[in-house]
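Taking it in order: structure first as structure tokens, then the write-up.
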Amino acid sequence: MAQQIGRRRGLNLIEVMIAFALVATAFVGLASMFVAGMRLQQRSQEVSVASEVGRAFLEQCRALDFYQIPGGTRHFDGNIPTPPIGAFPPAPYPTTTVGTQLCRLVVDVSPSGARLRTLKVQVQYGSSGHITLESQIHP
Amino acid sequence: MGQERRGVALASVLLMAIILMMMVMALYKSVGGQLFLSKNRHDEIVALNCAETGVARTLTVMELSPAWSTDMDDQTMPTTRGTWTVDFWDGTGTPGPDESVNNISGLTPAPSHLGPIPPNSALIISTGKLGGATRRVEVLVRAGPSSVEYPVLGDGDLRFHGRFKVDGIESLNTNNPLNVEIHSTKTGPGNIISWDPIHPGDKAYVQGKVTSSGSSGDRILFDGNNHPGSFANYDVMAFEQKFGKAAPYIDIQTAVDAQMGSPGSPLPTAGKVVLNGGVHYYHGDQQIAGDLVLQNGAKIFVDGNFKVNGSITGKGAVMVTGNTDLLGDATLDGSNSEYVSLLSKGNVTLRGFDGTAALDAIASLEAADPNTPLGAEASEQWDAIQHAMKEVQTVMAMDGDQWVGDATPQQARFDQARGLLGNDDHWTLPGYGNHVVSDFRAKLPPGPTGDFLRQRLDSLNIYRRVGQDGNFNDIGWTPADITNILHAYNNGTYNDSMGGVVDAVQTKDFGSLSVDDKKVLDSVIQLTDQLDYDRLGTAFFKGMIYSNGSIYASNEVNIVGTVMTSAVPGPTTTIDGIDLNPGDIYLNNNTRITFVKDMFTNGTPNLAGAGVVGIISWLSK
């Protein structure tokens, strides 16, 4: 009986060590997946917010009188930020904060004909993330 | 039993590890799903922008080619991802749910998957795609020039020479003043908007702002630049640099070509031409020796140059693919509903009749010979007419309770001046006879100068006494006659035989005027304001003048409406020694433009289908 108990104790130590090794290995893999998942979730949220900011900006542009949109090729950089000409670019240029996310807008406008303007807005967020939306506007 | 418990810890840990792994996997999958949704949302926004780009591009091509029906498949965006597609129904069978229907040039409704599309309209269905995201936009659009907002609007240089006045009113029936704006969309070098006086005392008056899209304020020169320091004299609310609306581009050639199937009867070479409704197409240069009267929205389309040695009046439209020249001495009335839309692909020249100068010249020449009909007496009578007009304008500018009604403080002063203008037997200015205007009229010589001045003097008939007919005979009057006159004036059925409308409304008690009576009052005040006391010989044009070239007004032109250019590149033209580029507007010597907002509130209905394509409604998005 005493011999049996002694053998069982040794085996349990090995079992626990193996178990720890397995758990440690699993946790390393799982933790990396967890971190990646968190990053993806963060990115997803940022893309979603940036897309909405870009969409809202283009809607603001559409709400403007067409002739308030400059006729030449212009670059409005929200990082500098380049000052607006009249009412263009409209809010939320040059920056807006949604929750804790700061978005900077870089707006390009160029003529595509006498009565057609091409508008491109790049919404920048974080250190290097951005989305770009483009549309053409007719009066 | 001890053997059976071996491995329990390992199994438990493994089980926990599996559960943890499943949880993390689930989390990862969930995050991946979120990312997919977020990406898809982004793609959908891009796809919607693509679809809206498709609508914008289609509107543009429809403006340039109203009959456009070529499919535009998988068109790419200029610099970003995504495509858009607009397919058109080819006219056979029934339009499919994804097929756009262009009925811009149509005169009858056209079918679509939503039901009939009205004439001069189109259903645009644009589909935008990016990756797996697809967005579809349906838009109902209608063609026609957009509402006009400026009395003077050009794509080129705007040059004013000599005295000029630009003002605005809400309506000819209300006379409420309106601030207006002169604007040039030109952004190039040089003086974009300029005013140069001719004589000392010349004044530029703008009841509003003068604005330019030029990049600096010094592109507007209103200081008599050619005569530095001499006689800058202007009254302008402000000078500004701003982005303003350009005049709509109207494809006149296409609009005219579309009417080839409706040839008009040959135009008479002499006398007045009256066109009663309908479409009248002419190929080649056309010339009318007398007046052109457009009734009931008649439209005349000329594929060539068009010259009218008289007035264009009534309600209708004129479209010309070449140059347009007209004398423009139309008679002004107080109606909002009657005006002419003149659209010319080439240059428009308005040669206003310099009646004042002509009359002064005649009077001064013949004053030397007392045996001629026009002599010193005529010159005095002319001065009296001008003085009376000034008096009438001065009194009418006062509040109505000062002069409307028989017991008002200014009643006698007003009636004296009105009586002189209206050949009233009862009233005239002290020191003058009772028939100054008719005596003066009788002295005018035959010929175009006399005809022109007689026509101008006839516009003074509204100042007759209420109890005088068109020949100034006394016909008596009752209160019911006054009611009839005012009612007829509001209904557009007023005529000379009824008696003087100005006296009719002035005779009433100001406090008892009805809403309709006040419309008449405001209308005659406005009319009086337009009949400038010292420019009685001027020429009138009522409506819209539009050109893809330049607009040149030579002399004493009075426009009630608007002038605008939408430049199409072309050569420089020289008119009366003035170099004009497409888009330029040159208004010379005593030009007056009065913008009437009501005329253009709903665009220019005479030209539906011939101009800008505008969105009526977004059906789905």
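Apply 1/(1 + (r/R0)^6) to the Cβ-Cβ distance of residue B:108 and residue B:40, taking R0 = 60 Å, and write down the FRET efficiency to the nearest 0.05. Efficiency, rounded to the nearest 0.05: 0.85. In this structure, residue B:30 and residue B:240 have a Cβ-Cβ separation that, at R0 = 60 Å, corresponds to a calculated FRET efficiency of about 0.60.
Normalise the Debye intensity by I(0) for region B:541-600, one equal point scatterer per Cα, no solvent, then take log10 at q = 0.20, 0.21 Å⁻¹ and round to two decimals. The Debye formula, applied to the Cα set alone, gives -0.76, -0.82. Ordered by 1.4 Å accessible area with all protein chains kept, B:72, B:398, B:25 run largest first as B:25, B:398, B:72.
The length gained on full extension between residue B:487 and residue B:289, counted as 0.36 nm times the residue separation minus their Cα-Cα distance, comes to 67.7 nm. Could you tell me which of rounded, prolate or oblate describes region B:58-97, using a ≥ b ≥ c as the square roots of the eigenvalues of the alpha-carbon gyration tensor, with rounded for a/c under 1.5 and, failing that, prolate when a/b is larger than b/c and oblate otherwise? Judged from the Cα gyration tensor, region B:58-97 comes out oblate (a/c at least 1.5, b/c at or above a/b).
Under 20 Å from the 7 Å Cα→Cβ point of residue B:514, by amide nitrogen: which residues of region B:398-441? Within reach of a label on residue B:514: B:404-406. Once both labels are positioned 7 Å from their Cα atoms along Cα-to-Cβ, the gap between residue A:64 and residue B:79 label points is 1.6 nm. Pairs of alpha carbons in region A:1-120 separated by more than 21 Å make up 60% of all such pairs.
This model, with +1 at the C-beta of Lys and Arg and -1 at the C-beta of Asp and Glu, gives chain A a dipole about its Cα centre of some 500 debye. Rounded to the nearest whole Hz, the Karplus-based 3J(HN,Hα) values (6.51 cos²θ - 1.76 cosθ + 1.60, θ = phi - 60°) of region B:46-62 follow the sequence 4, 4, 5, 4, 4, 4, 5, 4, x, 5, 4, 5, 5, 4, 5, 5, 5, with x at glycine and proline. For region B:1-140, the fraction of alpha-carbon pairs lying more than 26 Å apart is 48 percent, rounded to a whole number. Using the Cβ-Cβ distance between residue B:469 and residue B:253 with R0 set to 60 Å, the FRET efficiency from 1/(1 + (r/R0)^6) comes to roughly 0.75. Spin-label model, residue A:95 to residue B:8: label points 7 Å out along the Cα-to-beta-carbon direction sit 6.1 nm apart.
The values are calculated or read from the model by the stated rules, or taken from the named source; none is laboratory data. Source: prediction; values computed, not measured. Cβ atoms come from the backbone with ideal geometry, glycine included; neighbour counts cover every protein chain shown. Just the protein is used for accessible areas: all its heavy atoms, side chains included, with ligands, DNA and RNA removed. Shrake-Rupley method; radii C 1.70, N 1.55, O 1.52, S 1.80 Å.
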